[in-house]
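Throughout, read-outs are computed from the coordinates displayed, never taken from laboratory work. On a predicted model such as this, the values are computed, not experimentally measured, just so you know. No Cβ is skipped: glycine too gets one built from the backbone with ideal geometry, and neighbour counts run over all protein chains shown.
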Amino acid sequence: MLKILLITPEKLMLNQGFRNMLRKVHGEIGVRFVIDEAHCILEYNHYRPEWGKLGCLKEFFPSTSILLLTATCSQDDAEVIRQNLNINSVNFNVIRSSCFSRPEIEYIVKKKSTRERNLVEIAKIVNEISDGQCIIYCSSPGICNEILPLLQDKLKGTAIGTYHGGLESFERDQVMLQWKSRLLKVMIATNAFGLGVNSPNIRTVVHYTFPSSISNFIQESGRAGRDGNPAQSILFYSRNDIKTVYTIITGGRESDFDNNESTSLERTQYLNKGQRKIFEMVTYCESIYECRAQQLAAYHSWQSDSKIPRCTKCDCCINYFKDLPKSENIKNDVIHLLKVIIAVTEFLGMRNQLTLPIDIIHVFAKANNNNIKEKQLSSLPIYKQDYNKTLRRFEDISRLLDNLIIKNLVKVRIDLKKVNTSTSSTQLSGKVIIEGITENAIEIAQNRCWSFLLK
């Protein structure tokens, strides 16, 4: 008799005969369940719905113990998972580390340039690894296949493999064996190369495009340095990748926020959640002085957790100790920005025009440029208002706007539309649309503390 049986959620939920066999075994000697990577109950349930149906375990085996294992789970996530699995709160016990910290990892974000320059930079990163392996995460199988020959050309003599869902099962098994045998130095992969990968000597994890959530980023970057030795997480960032990432979330479809009756409430909630997670990643990437290690630790922190110290080595900490910025109270700027959003969205809405983030930023900054003139935004009373703002740079105002979005004070949507190209293929164009502020946003903002690190 087998003591341990490894199965997928699909095997359990879709195979009645298999469940009947488990019931028979349970009646004879009992069974217990372990759900590894339990965060997948939340992360995967849209495109692998059986993950979200594991609550049936308590229906099929009501007295059976369930052990949940995950390295990335917030207090709120744990409660949602408990409810999803229909586990009584009295019988739900949590054992966890008191601190989420990976001090061996140096977190770096680099601005994306041209593809050629990006690949030259990545080749340089790989060449600096004297002993160890490197993972390069891409957003799709197509990007993996696109950059593989280009990197092979720049890294002659370096063993490079690729791993993604577009490969046949035997191909994935083969390349995985090569990786585990350390025959490959570099793996170009999608996030399909993740769960279950536990190589101790990964020195660098590169993200060619930012992941769809902070949780995914923590999982993927956390594959570096598992032997406790120094390692790096290097993310190449461009705001243009918002469209790329959101297209993956929508499944390559146009966004469904236009009062389409066929759009289910579940999908709308899924897309809204996906948008918020994208802007959480954007906020992380565009940070200037906030320690990256602290940001990641705070994301999955629980109420009883203490704040970890600055890592002192990420690019943001280097900026912090170089510039010695001061913490400024920007509550008045927050309130003023919310009022600008109201004024601009109402003004452009009456003209049947969409409000872009740059419109909000330009009015707040009282810019005098072509965008202001073409949309006649200088006619707004709030534009003419004599207001002594703390934030003056477009970059800082943009960061504050993103912060208000993830705090659910500003309504936003990422608009994807089909565009016919000259090659007769259909592509998606994307833009971020500001729709207004949420209910009671100004009152909520007034009751919060707002500090901003400024040089």
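From the square roots a ≥ b ≥ c of the eigenvalues of the alpha-carbon gyration tensor of segment 326-454, which class results: rounded (a/c under 1.5), prolate (a/b over b/c), or oblate?
In terms of gyration-tensor shape, prolate.
Which residue, chosen from 20, 41, 54, occupies the Cα position most advanced towards the positive end of the dipole of segment 9-91, where the dipole is computed from +1 (Lys, Arg) and -1 (Asp, Glu) charges on Cβ about the Cα centre?
Sorting the options by dipole projection puts first 20.
So for 204, 268, fewest C-beta neighbours within 10 Å to most, what's the order?
Lowest count first: 268, 204.
Taking amide hydrogens as modeled 1.01 Å from N in the peptide plane, which residues meet the under 5 Å criterion relative to residue 311, leaving out close sequence neighbours?
293, 294
Can you list residues from other chains, or at least 5 along the same chain, whose modelled amide H is less than 5 Å from the amide H of residue 436?
Distant-sequence amide H within range of residue 436: 411.
To the nearest 20 debye, what is the magnitude of the charge dipole of segment 101-240 about its Cα centre, counting +1 on the Cβ of each Lys and Arg and -1 on the Cβ of each Asp and Glu? Display every interim value, and only then the final one.
Working: 17 positive and 13 negative charges, 67 e Å.
For segment 101-240, the charge dipole is close to 320 debye.
Just one of (i) 1.08; (ii) 1.04; (iii) 0.99 is Cα Rg over 2.2 N^0.38 Å calculated from these coordinates, so which is it?
Given (i) 1.08; (ii) 1.04; (iii) 0.99, the calculated one carries the label (i).
How far, in degrees from 0 to 90, does helix 265-285 lean away from the longest principal axis of the Cα atoms of the chain, to the nearest 10?
70
Once phi is turned into θ = phi - 60°, what whole-Hz ³J(HN,Hα) does the Karplus curve with 6.51, -1.76 and 1.60 give for every residue of segment 201-210, x standing for Gly and Pro?
10, 6, 8, 9, 10, 10, 10, 6, 9, 5
With a cut-off of 8 Å between alpha carbons and a minimum separation of six or more residues, what is the relative contact order of the chain in percent? Don't skip to the end; give the middle numbers.
Details: 634 pairs, mean separation 62.0, N = 455.
Reported relative contact order: 14 percent.
When the Karplus curve 6.51 cos²θ - 1.76 cosθ + 1.60 is applied with θ = phi - 60°, which whole-Hz ³J(HN,Hα) does each residue of segment 361-374 get, with x for Gly and Pro?
Running phi through 6.51 cos²θ - 1.76 cosθ + 1.60 with θ = phi - 60° gives 4, 5, 5, 4, 7, 6, 5, 10, 10, 4, 4, 4, 5, 5 Hz.
Roughly how big is the chain's charge dipole about its Cα centre, with Cβ charges of +1 (Lys, Arg) and -1 (Asp, Glu), in debye to the nearest 20? The partial results should precede the final answer.
Numbers: 59 positive and 48 negative charges, 113 e Å.
Rounded to the nearest 20 debye, it is 540 debye.
Only bridges with both residues in the chain count here: give the DSSP antiparallel percent, nearest 5.
DSSP beta bridges in the chain are roughly 35 percent antiparallel.
Near the amide H of residue 106, under 5 Å away, which other amide H atoms are found, from residues 5 or more places off or on another chain, if H is placed in the peptide plane?
Those lying under 5 Å, H to H, from residue 106 are 231, 232, 233.
Past the 30 Å Cα-Cα mark, which pairs from 273/322; 273/366; 111/455; 11/273; 313/417?
As for pairs spanning more than 30 Å Cα to Cα, those are 273/322; 273/366; 313/417.
Based on the mean of other Cβ atoms within 10 Å per residue, sort peptides 276-283, 322-329 so the most packed one is first.
Working: 276-283: 20.5, 322-329: 11.6.
Per-residue Cβ counts within 10 Å, averaged per peptide and sorted highest first, yield 276-283, 322-329.
So how far apart, in nm, are the two label points at residue 322 and residue 339 if each is 7 Å from Cα heading toward Cβ?
Here the answer is 3.7 nm between the modelled labels.
Please identify every one of the GluC sites (Glu not before Pro) in segment 36-119 that sits in a loop by DSSP and has no more than 16 other beta carbons within 10 Å of its own beta carbon. If you can, show how the numbers build up before the last one.
Values: sites: 37, 43, 50, 59, 79, 104, 106, 116; in loops: 37, 104.
Qualifying residues, ordered by number: 104.
Using only Cα atoms, find the angle between the long axis of helix 115-127 and the longest principal axis of the chain, and express it within 0 to 90 degrees, rounded to the nearest 10.
Value to nearest ten degrees: 50.
Calculated from DSSP H runs of 4 or more alone, at -39500 (n - 2.57) each and per residue, what is the 222 nm mean residue ellipticity of the chain, nearest 500? Spell out each step's value before the answer.
Details: 19 runs with 188 residues, N = 455.
Theoretical 222 nm ellipticity from helices: -12000 deg cm²/dmol.
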